[in-house]
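Q: Take this structure, written in structure tokens, and hold onto it; I'll ask about it next.
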Amino acid sequence: MLSLQFLGAAGTVTGSRFLLTVDDAKVLIDCGLFQGGSELKERNWALFPVDPKEIQGVFVTHAHLDHTGYLPKLVELGFRGKIFATPSTLDLLGILLRDSAHLQEEEAAYHNRGKLCCPHAKPLYTLQEAEQALYQTHAVPYGKVLEFGKIKVEFISAGHILGSAFIRVTAPQNGKEVSFLFTGDMGRYHSPILNDPATVSEADYLLMESTYGDRIHEKKTGVEAILPAVQECLDLSGCLLIPAFTVGRTQEILYTLRQMLDQKLIPQIPVYVDSPMAVDVTHLYAEYHEEHDLDMEQLEKQGHSPFRFPGLQYVRTTQESKDLNHAKGPLIIISANGMCTGGRIMHHLVNRLPDPSTILLFVGYQGSGTRGRELLEGAKMITIFHQKIEVNARIKQVDNFSAHGDYPEILKWLSGFKKQPLRTFLVHGEPESARAMKGHIGEKFPGWTVEIAQDMQKVEL
Ligand SMILES: [Zn+2]
């Protein structure tokens with residue numbers, strides 16, 4: 001018996017978790033948190049659809065919390081199996097899961113002081129449970145085929161963030177081998193720092209992400225994309241505030257700012273990375289040379305550190321972060337989190353949004369129901385920490401820094417298939433993007449069977 005069930009990231013872009021059942025063995029591919037508005041977050045508290053004690057192993061495509069952030073909860077619910085991922089993913093997980101647990105604990109404490117409308121007085125999970133999850137992890141390098149019970153598993157470079165992988169699972173069925181390819185999140189071609197997504201030439205069943213199934217990213221270089229915003233910041237002597245994801249996006253922005261300085265396109269101005277995690281993550285990005293692309297290699301050969309340049313300061317302590325409230329422009333503050341749903345960016349928003357000399361620059365996807373989406377859609381007043389905040393800042397967005405391929409990039413990657421998959425399931429996309437992606441695949445590859453995964457749908461194969 002072979003079946004696949006979508007336990008999340010179907011009709012939405014978070015909560016990636018796919019259950020693969022091979023005879024009596026169950027494994028999960030990814031184990032993510034639902035993120036975004038309160039309705040989505042509430043799903044993290046729902047009863048887990050399978051008894052975690054029955055799950056033998058979890059295979060993780062990459063470290064982003066929408067793919068991994070539920071692991072400590074799974075452990076709390078009794079999961080005692082192994083968690084497999086690439087070495088760099090595991091290093092990132094050490095940072096991200098501990099931070100996630102810390103945020104869960106903080107949110108519960110805040111609620112218990114009566115300040116939050118969140119109905120949960122207990123954290124979703126604790127630091128101890130995150131530590132337990134980390135204890136259950138095992139590293140599998142790219143390209144090594146791991147035998148796990150009846151299945152074989154391989155991690156293939158996906159070019160999305162450090163350590164990211166497509167996961168290929170091979171399982172027996174009626175004396176034959178059947179292969180599955182889980183894309184996790186699809187990276188981009190020609191993005192700085194990391195290698196391009198590896199070509200995959202065949203799979204019987206393909207689970208394809210579709211975050212940007214309806215979009216074409218701008219064809220600008222990173223420098224072309226953010227130079228106008230930096231220029232505006234210089235003209236206004238204001239603050240260029242960039243809500244950025246700690247993993248990937250922050251490093252690409254630093255890489256780009258350093259390029260702009262090297263090319264003398266901008267003068268040296270203070271740039272603050274206001275995130276203790278970003279410092280650690282940036283070290284990891286620098287460390288894993290084997291995942292670097294050619295441009296990065298060349299830079300390093302010339303003795304340059306891509307993540308260090310004059311004017312750049314990493315901010316670790318809360319006090320240093322608060323002190324930035326008084327810093328006068330022109331300056332750049334890069335702070336997490338990227339969708340403005342929490343983290344240090346919140347106090348910068350409270351402080352800087354009313355000021356017309358602020359430029360708020362979004363460099364990534366803003367999920368529905370998030371404060372980031374609200375601001376992007378032109379809200380003139382938003383609520384943060386129960387305060388009404390007037391929005392006088394200029395709101396801008398560039399999508400060059402997306403770590404997800406757009407639909408032409410996905411189609412390019414799909415062109416690597418020498419044989420069409422028996423069935424392709426579109427996951428990890430809001431309904432409109434998934435529908436659009438289905439249309440694009442249908443046009444380019446007539447004859448492919450493409451289905452939009454439905455939440456909790458179970459497919460017998
Ligand atoms: Zn991701």
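The values are calculated or read from the model by the stated rules, or taken from the named source; none is laboratory data. Predicted, not measured: the structure shown is a model, and the values here were computed from it. So basically every Cβ, Gly included, is an ideal-geometry build from the backbone, and we count neighbours across all protein chains shown. Surface areas here come from the heavy atoms of the whole protein model, side chains and all, with no ligands, DNA or RNA. Shrake-Rupley method; radii C 1.70, N 1.55, O 1.52, S 1.80 Å.
Q: On a 1.4 Å probe surface of the protein chains, which of 144, 264, 53 comes out largest in accessible area, and what is the full order?
A: Listed by decreasing accessible area, they come as 264, 53, 144.
Q: If 43, 188 are ordered by their accessible area, calculated over protein heavy atoms with a 1.4 Å probe, which sequence runs from highest to lowest?
A: 43, 188
Q: A follow-up question, please. Calculate what fraction, in whole %, of the accessible area of region 100-192 sits on carbon and sulfur atoms when a 1.4 Å probe is rolled over the protein chains.
A: Ligands and nucleic acids excluded, carbon and sulfur reach 53 percent.
Q: For region 379-461, rounded, prolate or oblate, judged on the Cα gyration tensor with a ≥ b ≥ c (square roots of eigenvalues), a/c < 1.5 rounded, else prolate if a/b > b/c?
A: Prolate is the answer for region 379-461, as a/c is 1.5 or above and a/b outweighs b/c.
Q: Ordered by packing density, taken as the mean number of other Cβ atoms within 10 Å over each peptide's residues, highest first, how do 426-437, 308-319 rank?
A: 426-437, 308-319
Q: Put +1 on the Cβ of each Lys and Arg and -1 on the Cβ of each Asp and Glu in region 222-397; which of 354, 270, 229 then has its Cα farthest toward the positive end of the dipole?
A: 354
Q: When only C-alpha pairs under 8 Å and at least 6 residues apart count, what is the relative contact order of the chain, in percent?
A: Computed over the chain, the figure is 20 percent.
Q: Next question. From Cα coordinates alone, what are the radius of gyration and Dmax values for the chain in angstrom?
A: 21.7, 69
Q: If you restrict to DSSP beta bridges whose two residues both lie in region 222-397, what percentage is antiparallel, to the nearest 5?
A: 15 percent
Q: Residues of region 222-397: accessible area per residue at 1.4 Å, in Å²?
A: Roughly 43 Å² per residue, with all protein chains present.
Q: Hey, another quick one. Which value in deg cm²/dmol, rounded to the nearest 500, describes the helix-derived mean residue ellipticity at 222 nm for the chain, given -39,500 (n - 2.57) per DSSP H run of n ≥ 4 and division by the residue count?
A: Estimated from H runs of four or more residues: -9000 deg cm²/dmol.
Q: Here's another thing I want to ask about it. Per residue of region 5-16, what does 6.51 cos²θ - 1.76 cosθ + 1.60 with θ = phi - 60° give for ³J(HN,Hα)? Whole Hz please, x for Gly and Pro, Karplus curve as stated.
A: Result, ordered by residue: 10, 8, 9, x, 6, 10, x, 8, 9, 10, x, 5 Hz.
Q: Assigning unit charges at the beta carbon (Lys, Arg +1; Asp, Glu -1) and nothing else, what dipole magnitude in debye, to the nearest 20, does region 222-397 show about its Cα centre?
A: Charge dipole of region 222-397: 760 debye, to the nearest 20.
Q: What is the helix-to-structure angle for 87-112, meaning the angle in degrees between its Cα long axis and the longest Cα principal axis of the chain, kept from 0 to 90 and rounded to the nearest 10?
A: 70 degrees
Q: Using every alpha carbon pair in region 105-221, what percent of pairs falls into each 5 Å bin from 0 up to the bin containing the largest distance?
A: 2, 9, 13, 14, 13, 12, 12, 12, 9, 4, 1, 0
Q: To continue, here is another question. What relative contact order, as a whole-number percentage, does region 198-340 give when Cα pairs under 8 Å and 6 or more residues apart are counted?
A: 41 percent
Q: With +1 assigned to the C-beta of every Lys and Arg and -1 to the C-beta of every Asp and Glu, and no other charges, what is the dipole magnitude of the chain about the Cα centre in debye, to the nearest 20?
A: Dipole magnitude for the chain comes out near 440 debye.
Q: Does region 222-397 come out rounded, prolate or oblate, given a ≥ b ≥ c as the square roots of the eigenvalues of its C-alpha gyration tensor, rounded meaning a/c under 1.5 and, failing that, prolate meaning a/b above b/c?
A: Here region 222-397 falls in the prolate category.
Q: Quick one: which residues, 5 or more positions from residue 166 or on another chain, have an amide H under 5 Å from its amide H? H modelled 1.01 Å from N in the peptide plane, none for Pro or chain starts.
A: Answer set, sorted by chain and number: 156, 157, 158.
Q: Residue 67: net charge of surrounding residues, Cβ under 9 Å, Lys/Arg +1, Asp/Glu -1, itself excluded?
A: Neighbourhood net charge equals -2.
Q: Let me ask something additional. What percentage of the solvent-accessible surface of region 222-397, computed with a 1.4 Å probe over protein heavy atoms, is contributed by carbon and sulfur atoms?
A: 50 percent
Q: Looking at 111, 333, 437, which one has the Cα that reaches farthest to the positive end of the dipole of the chain (charges on Cβ: Lys, Arg +1; Asp, Glu -1)?
A: 111
Q: Under the classification rounded if a/c is under 1.5, otherwise prolate if a/b is larger than b/c and oblate if not, where does region 213-315 fall, given a ≥ b ≥ c as square roots of the Cα gyration tensor eigenvalues?
A: Because its axes are fairly even, with a/c under 1.5, region 213-315 counts as rounded.
Q: For residue 57, list long-range residues whose amide hydrogen, built 1.01 Å from N in the peptide plane, is under 5 Å from its own amide hydrogen.
A: Those qualifying (amide H under 5 Å, at least 5 residues apart or on another chain) are 28.
Q: From Cα pairs below 8 angstrom and at least 6 apart in sequence, can you work out the relative contact order of region 146-194, rounded to a whole percent?
A: Reported as a whole number, the value is 33 percent.
Q: Using modelled backbone amide H atoms (1.01 Å from N, in-plane), which distant-in-sequence or interchain residues come within less than 5 Å of residue 12's amide H?
A: 428, 429
Q: Also, quick follow-up: Once ligands and nucleic acids are excluded and a 1.4 Å probe is used, how much of residue 352 is accessible, expressed in Å² to the nearest 10?
A: 20 Å²
Q: Then there's this: Report, in whole Å, the centroid distance computed from the Cα atoms of region 363-403 and region 431-455.
A: So the separation of the two Cα centres works out to 30 Å.
Q: Ranked by accessible surface with a 1.4 Å probe, highest first, in what order do 412, 73, 152 come?
A: Result, largest first: 412, 152, 73.
Q: Give me the percent of DSSP beta bridges within the chain that run antiparallel, rounded to the nearest 5.
A: Antiparallel bridges make up about 45 percent of those DSSP assigns within the chain.
Q: While we're looking at this one, here's another question. For residue 395, tell me the accessible area in Å² from a 1.4 Å probe, rounded to the nearest 10.
A: My reading of the accessible area for residue 395 is about 50 Å².
Q: With axes computed from alpha carbons, what is the tilt in degrees of helix 276-287 against the longest principal axis of the chain, rounded to the nearest 10 within 0 to 90?
A: Result, in degrees: 60.
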